[in-house]
Every structure is written in structure tokens, then in C-alpha cells.
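Novice: The following block contains the structure, expressed as C-alpha cells.
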Amino acid sequence: MWIKVKLYGTLRRLASPQTPGIWQGEIPEGWTIRDLLAHLGAGRYEACAAMINGAACPLETEIPADAEVVVVPPVGGGLC
Amino acid sequence: MEQKFAGFWNRILRVDLTSRTTQVVELDPLLYRYYMGGRNLALHFLLKEVAPDTKPLSPQNKLILMTSVVTGAPISGQARHTAAAISPLTGGLADSQCGGWWGAELKFATWDGIIIEGKADKLVYLWIEDEHVQILPADDLHGRLTHEVMEILRNRHGAKARTLQCGIAGENLVRYANITADCRNFHGRGGLGAVMGSKNLRAVAVRGTHRRLKIADPEKLNQIATWFSRSVKIHPAVSLHHELGTSKGIVPVSVAGMLPTYNFQDGSFEGAEKIGGETMKRELNGSTETCYACAVSCKRSVEGEKGAFKVTRNYGGPEYESIGLLGSNLGVDDIYAVAACNERCNALGLDTISTGLTLSWAVECFERGLISEADTGGLRLKWNDPHTYLDLIDAIASRRGFGDLLAEGSWAAASKIGRGSEKYSMTSKGQEFANHEPRGKWGVALGYAVSPTGADHLQAAHDPWFTNPGDPSAEFNWVDLTDLNPTGILEPVPAEDLSAAKVRLFIYLQYIWGVHDVLDWCIFTAVPEFRAISLNQLAEVVGAVTGWKTSLFEVLKAGERGVTMARAFNVRRGFSADDDRLPDRMFEPLRGGTLKGHCIDRQQFERGKQLYYAMMGWDERGVPGEAKLEELGVGWVWQLLAERSAAGRQ
């Protein structure tokens, strides 16, 4: 199924080169946000918070089809 | 002039504006090693020379400008300097570090710092050209925007002159007036611009030609600088910082639920993406600028125009703090409007942080019916109304109408208005919070409360970074605590926690942050979650520049020394544990956002505060003990506290 992921902070490096900060692609049904991050090559502790379609959710949440996912690293402020 | 000591000149300029005389101050060179510079050297003079009952805006207050032993060395991170005085906003210590080029230039002019005392009978400015110092009339600078003043001074003294100045807000004694270096970098907090204005001093312009400072081991320093330059280029966090600057934090912090929104009622902002760093880069023409000799180069300078909102590059561009507090905190979701408000504050010399939160206090109080058009001079206040905010920024700087009340800061304004409006002033010790919601990171809450300068986000690194153990074998740390391992911090601690483990973590981080304030070193290079160089390498930089056989232990002790000396300064001013407090809102659930319902546990907070005092070697009232001060090598400070205590008993 097709999803769009917005990546912030150091996670931006995992985005598609043509679309800075954004990764789009097919993933298998049943994947959680953690599964997706592992697939993209994120560090084990690199993500901290996420949203699916604008609503905050745990990283263990299963991703629905056509979702827009936002993932951010542990945040401090201007440093993150 | 020959530089006798590697790392410093042992020349501090004393300027008495009342008598219009200058003098060179020399110290026992050993004191440079004890203090290392910045905050510590400033506190040395403030504690010894300023009477504890001095009024902040009186001629008896002293404005101290100070560099450190590494300022001006050819390596990224050293380009900051300190300004300190009694704060007209809090009544306690104002201590602020500012980046740019001014600090290094002062050092190139053969000066380690300046002590400014007294008050000129008319507006003046200082012109420092190497060893030569002139106190010159500033009639033509009066009432001018900061960029105009900078241009006048550069036309007069050369394009390479570096300027430090208060703005119109400083001239008008606005209690959160800032001081700006070349209109791009700021001593933002504590009202240091008002102290400058109270002395009838508009600017300090400097040009130095001794640009090759004495370095004890240039080869070693070059080795670290080379490693550092490579690290800056390939470290993902630092390279992103170069691309977007601090503005990149807005959206992630909102997603995490810790972006101050509507005067700290919510922690996520629906318009965050519209004011975030990616949008700013896309919408406003921009480029990156740098401080002296820095490879990180993180300052986003922007320009653009949309309707009434015109943004020039005269003042750089808005940083994370300003975007949040003039943006989400006021419900403004237009990056042009935010940048225009930021520019107006900088042109007039106002701290964007205190300005944003004083405005949001007024808006929330108006919405709740606690203040009315009778108070505001007919203005109807509401969220997301940047045109009105621009008018009010002008009114604050000129102390006109309702702006005169707001120029006192939200706490003093609330105290004057009453009617329960104090509840909506998001302050500690009378200084407004920064752009960080403490209910999601309780170490920041402790930092806001115990900070000697009033609420301050730069007391320590923030909790979320230390919630995982990290991978010690990784070339670069991402966001974890492996960089803290050399200090003995080995286990992660939850963000919403004030247990003994968290207090210990906070204290070690406060020492590390304190080292940055002491060395006037930029946090965007060596702090644990972001480091392009490690803490041990920072100590090696100090050793390479000065020739001292130093260590991380000695450098951290200098940081601790500063934290406790700052505390002692405030104790002498009458502060106690009762002043280390937070607004009630912090103990009430967040209304909305990702962390909706989260709040700080008051019992844990109070217990954490007492643990902090005890671990610091302070008593239950937060007063540093004699043994601790002796252990830090500043036993003379205990004598000052004892004298104060004896005077109090009489």
C-alpha cells in the first residue's frame, strides 16, 4: 500500500533525494511506524514522536493505507 | 603591543562614564585560570564591586562585557562574549552570551573585557581602536533604529568596525530591552539594553588589528580544528543546522507537543508547518551567515514582502525562539508576519522572547475579560492579529500608551493590573519563559525555576535527548546520552521525571552548559546531543590555546563555579528558594496538543528542587554553603554572604 512520510530533524536524511524531507512509497500491510523506520535505516532510538493523518500516535501504531505519516526525533528546540 | 599570556591579554578596560575617564585593570593571571572568562570573570567584578542594594537602572550598576581565554582563537565555536549586570527585569543577575564577531574584535583590540560604570550626562558611545579608547557624543544616534546606528558608525569609523548597541527600547528603559551585536546577534535576555540606556551609552564600536592572538600550541589547535571542520561537514545534525538554522525545530517540537501555543495553553500548533524552517526557506529569500571563524554557519538571513509585512536582511532572520513566541504563542501562522515582528523588535532593541510572551499575556487576559479597552487605550486584543502586534511593539519601545505598561514585562504589568492576571504571566523571577513547554520535559521546568537569570532555556540540555542509552560504538551520536558517559551519566532517564537520577543529570548538564557560558563557547558545537567536538576535545582546546595542562574535570569545575557564584549573587540581592517557582499553569494539564493532559507533579517538583540544592552543596533555602564555596576556590564569596546575613540581622 502507498504512504507518504514527512521526516524531520536528522531523519530527513532518509527522505527521497528528489523530495527533501519526504519519503513516498509502497509498504506491506500491517507495518507499524517502527517497522517503517527500520526499513528506511533509522537508528534504533532516532525517532521520538509521530502523527498519522494529523493525529499524534505511538510509534507502535499500524499504518493505514494512503496515510500521511510524520516522524520526528527526540526534540529540544532549535537544536533538534 | 605584545601579548604576554597565551589566551588573554590581562587587560580589562574600565570606563567611568560619569567622570569620562578610562583605566586599564590587570588581574592576578591565576584568576584567568580559575574563571576562564565570560560569566565567571563578570561575576568576579559584580560580586566585588557592586553593592547588594544597588538599583538596576542607577549609575551604581555596572555593565560588564567579557570574553574568555579561547575567544578569537581560529576554531569554530569561540565567537561569543558575555554581558552581565543587575537585571532591571528580575532584580537579580542578568548574564547573557551573544555570538557574532564583536567579542573576537575586542580581543584583537588588546582587551579581554570592559567594565562600564557611572552614567554620562548626555548620550555617548565608545570607540575603541586597539589600545585607544574615546568616549564620543552620540546626539546623532539618539532615537535611531539599530541598523541606522550601525551604518552611521561604520561610515564614520570604517566598514570593518564591529558594533554593540542598545536600541530605542534601551534608551527608553524598557525592562526587556536587548543589546545587539551588528544587528544580527543579541544579548536578548534580562534587560541589559536598559542598563546600557540608563548609562546614556548607546553603542560600543571596536576595531582591532592584533588579529593573530598568542596560541600556546597552534599545531594541536589546528589538529582539533581540522577534525572539527570534517565533523561539521558530515555530521547529519550539524549539516542540517547549517541548512535551516534553529528554525528547523518548530515543526518537530509541535509534533512532540512542546511548542508553546496561545500563551502556553496548548503544546501543538495547527499552523506549525506554515511558520517552520522548511517553509521559511521556501518562502523567504535567504542565505546562511556565520559568526567569526565558524564552520557551522547556521544563521539564516532572510528577506521578502507580502502585503504589509516587509522583511529585509538588515537584521538577519528569525530564530527558533522568536518564531515560536511571536508565532505559535500568539496564534500567528504566517511566516512573513512572524519575520516582520521579529525584525521590528530587532530594529527597536526589544527581546523577542519577552515581547512575545508579554503580548500573549495581554491577549489571554483580554480574552478572559481581565483587561479591557479601558486598559489598552481602545485596542481589542485577539490571537493571530500581527498588525496590532506590530503597533504594540512600537508602543512598547517608545513607552507610549498601553505600551508603557507592557514595557515593564508581563509579571510587573500583571502585578500592577491585578484582577488575577498574574496567573497568566508565564514567568519565573519576573522573566518570561522561552519557547519550550516544560510539561513535556521536567528538567527544563527545574531549569526555569532555579535559573539565576529568571526563566532560561539555556540552563541545561533538554530531557528528551537523554531518554535512550544510545550506541557508544557509533561514529556520531544521534540523540542519546553516550556523550555524557565520560561524566559518569550512564543510564537514560524519562523526560517527565524529577527523581534523584534526573536531578543528577540536570546538574551535570548545567555544569556543561555553564562551561559554555564561562568560555563564551557556542552550544551548537560541543553540547552532548549535538556535538561536532566532544567534551574532552573542548578541554583540549582550552589547553592548546592557553598552554595549561587542563582536563575535562577542571573545565567542568569552572562551569560549576559560575553556577554557584551566580546563585550567591542573587542571594545577596535577597533571593531565596521562594523565588525558584513556576506559574500554576505548569501544574495544570495541557489543554491541547500531543501532550494534552500532561502536567508537572508539584510534589516531585518541590522534592526535586530540594535535591538540587543539596546536591549543589546549598542549604534548604538555596544558599551556597561555606564548604562548597571553599571547595570551588572562591571562599571570599562566603564572606560576602556572611556580611549580608549579618547586615540583615541588624
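Novice: Starting at 0 and stepping by 20 Å, how many percent of the alpha carbon pairs of the protein assembly as shown end up in each bin?
Specialist: 18, 55, 25, 1
Novice: Okay, moving on. What is the calculated FRET efficiency for B:T209 to B:E631, with r their C-beta to C-beta distance and R₀ = 41 Å, to the nearest 0.05? If you can, show how the numbers build up before the last one.
Specialist: On the way: r = 42 Å, r/R0 = 1.04.
The formula returns an efficiency of 0.45 here.
Novice: Can you tell me how chain B classifies by the Cα gyration tensor, rounded, prolate or oblate, using a/c under 1.5 as the rounded cut? Mind showing how you got there, number by number?
Specialist: On the way: a/c = 1.22, a/b = 1.10, b/c = 1.11.
It is rounded, given that a/c, with a ≥ b ≥ c, falls under 1.5.
Novice: Taking R0 as 45 Å, what FRET efficiency do you get between B:D471 and B:N155 from their Cβ-Cβ distance, rounded to the nearest 0.05?
Specialist: Working: r = 55 Å, r/R0 = 1.22.
FRET efficiency, B:D471 to B:N155: 0.25.
Novice: Using Cα centres only, tell me the gap between the stretch B:379-394 and the stretch B:305-361 in whole Å.
Specialist: Each part reduced to its Cα centre gives a spacing of 12 Å.
Novice: Let me ask something else. Per DSSP H run of at least 4 residues, take -39500 (n - 2.57); add these up for the protein assembly as shown, divide by its residues and hand me the 222 nm value, nearest 500 deg cm²/dmol. Display every interim value, and only then the final one.
Specialist: Working: 27 runs with 269 residues, N = 730.
Estimated from H runs of four or more residues: -11000 deg cm²/dmol.
Novice: Could you give the C-alpha radius of gyration of the stretch B:63-204 expressed as a fraction of 2.2 N^0.38 Å, taking N as the number of residues it contains? Intermediate values should be presented prior to the final figure.
Specialist: On the way: Rg = 13.9 Å, N = 142, 2.2 N^0.38 = 14.5 Å.
Ratio of Cα Rg to 2.2 N^0.38 Å: 0.96.
Novice: Okay, moving on. Considering every residue in B:236-242, what mean count of other chain Cβ atoms within 10 Å of its Cβ is obtained? Please list the in-between numbers first.
Specialist: Numbers: counts 7, 6, 1, 3, 7, 3, 0.
Averaged over the peptide's residues, the number is 4.
Novice: Only residues of the stretch B:500-527 count here: report those whose backbone N is under 19 Å from the spot 7 Å along Cα→Cβ of B:A216, or say none.
Specialist: B:515-516, B:518-521
Novice: Here is a follow-up. Hand me the trypsin sites (Lys or Arg not before Pro) from the stretch B:501-589 located in a DSSP loop with no more than 11 other Cβ atoms within 10 Å, in residue order please. Before the final figure, lay out each step's value.
Specialist: Numbers: sites: B:K502, B:R504, B:R531, B:K549, B:K557, B:R561, B:R567, B:R572, B:R573, B:R581, B:R585; in loops: B:R531, B:K549, B:R573, B:R581.
Loop-located and lightly packed - B:K549.
Novice: Where in the stretch B:168-257 are there trypsin sites (Lys or Arg not before Pro) that are in a DSSP coil and have at most 13 other Cβ atoms within 10 angstrom of their Cβ? If you can, show how the numbers build up before the last one.
Specialist: Numbers: sites: B:R175, B:R184, B:R189, B:K199, B:R202, B:R207, B:R211, B:R212, B:K214, B:K220, B:R230, B:K233, B:K248; in loops: B:R175, B:R184, B:R189, B:K199, B:R211, B:R212, B:K214.
For trypsin sites (Lys or Arg not before Pro) across the stretch B:168-257 that sit outside H, G, I, E and B with at most 13 neighbouring Cβ atoms in 10 Å, the list reads B:R211, B:R212.
Novice: In whole Å, how far is the Cα centre of the stretch B:404-471 from that of the stretch B:488-528?
Specialist: 18 Å
Novice: Straight-line reach from B:K557: which aspartates and glutamates have a Cα under 16 Å away, not including same-chain ones fewer than 8 places off?
Specialist: Filter leaves B:D517, B:D520, B:E540, B:E630, B:E631.
Novice: Additional query: Compute the length gained on full extension between B:W227 and B:H387: take 0.36 nm times their separation in residues and subtract their Cα-Cα distance, giving the result in nm to one decimal. Write down the numbers at each step before the final one.
Specialist: Working: separation 160, 0.36 × 160 = 57.60 nm, distance 4.79 nm.
Extra length available between B:W227 and B:H387 comes to 52.8 nm.
Novice: Give a quick list of GluC sites (Glu not before Pro) in the stretch B:111-187 that DSSP marks as loop, anything other than H, G, I, E or B, with at most 16 other Cβ atoms within 10 Å.
Specialist: Working: sites: B:E117, B:E129, B:E131, B:E148, B:E151, B:E171; in loops: B:E131.
Sparse-neighbourhood loop GluC sites (Glu not before Pro): B:E131.
Novice: May I pose another question? Need one number: nm distance between label points at B:R504 and B:R368, each 7 Å from Cα along Cα→Cβ, rounded to one decimal.
Specialist: Those two pseudo-labels are separated by 4.0 nm.
Novice: Further question on the same structure: Check the stretch B:12-207 and count each lysine pair with an alpha-carbon distance under 12 angstrom, considering only pairs eight or more places apart or from different chains.
Specialist: Values: B:K48/B:K62; B:K62/B:K119; B:K62/B:K199; B:K119/B:K199; B:K122/B:K199.
Number of lysine pairs found: 5.
Novice: Could you grab the relative contact order for the stretch B:295-432? Cα pairs under 8 Å, six or more apart, rounded to a whole percent. Each step should come with its number before you reach the end.
Specialist: On the way: 202 pairs, mean separation 26.5, N = 138.
Dividing the mean separation by the residue count of the stretch B:295-432 yields 19 percent.
Novice: Diagonalise the Cα gyration tensor of the stretch A:2-72 and give the resulting equivalent ellipsoid semi-axes, square root of 5 times each eigenvalue, largest first, whole Å. Numbers along the way, then the final one.
Specialist: Values: eigenvalues 50, 38, 27 Å².
Square roots of five times the eigenvalues give 16, 14, 12 Å.
Novice: I would also like to ask the following. Convex hull over the alpha-carbon atoms of the stretch B:575-623: what's its volume per residue in Å³?
Specialist: On the way: hull volume 4.0 nm³, N = 49.
Hull volume normalised by residue count: 81 Å³.
Novice: Another question about this same structure. Given 0.36 nm per residue, what is the gain on full extension from B:E554 to B:L136 after removing their alpha carbon distance, in nm?
Specialist: On the way: separation 418, 0.36 × 418 = 150.48 nm, distance 4.19 nm.
Fully extending the segment from B:E554 to B:L136 adds 146.3 nm.
Novice: For the stretch A:1-76 and the stretch B:74-111, write down the distance between their C-alpha centroids in whole Å.
Specialist: The two parts, judged by their Cα centres, are 41 Å apart.
Novice: Could I get the Rg over Rh figure for the stretch B:251-306? Both from C-alpha atoms, Rh via Kirkwood, rounded to two places. Kindly include the intermediate steps, with their values, before the conclusion.
Specialist: Details: Rg = 14.3 Å, Rh = 13.1 Å.
Over the Cα atoms of the stretch B:251-306, Rg/Rh equals 1.09.
Novice: Under a plain spin-label model, where a point goes 7 Å from the Cα along Cα-to-Cβ, how far apart in nm are B:L31 and B:I234?
Specialist: Between B:L31 and B:I234, the label points sit 4.5 nm apart.
Novice: Report the FRET efficiency, 1/(1 + (r/R0)^6), for B:R400 and A:A55, where r is their Cβ-Cβ distance and R0 is 51 Å, rounded to 0.05. Could you put the intermediate results ahead of the total?
Specialist: Details: r = 45 Å, r/R0 = 0.88.
That gives a FRET efficiency of 0.70.
Taken together, the values in this text are just the output of simple stated rules run on the coordinates, not laboratory data. Since the structure is predicted, the reported quantities are computational estimates derived from the model, not experimental observations. Cβ: placed from backbone, ideal geometry, glycine included. Neighbour counts: every protein chain shown.
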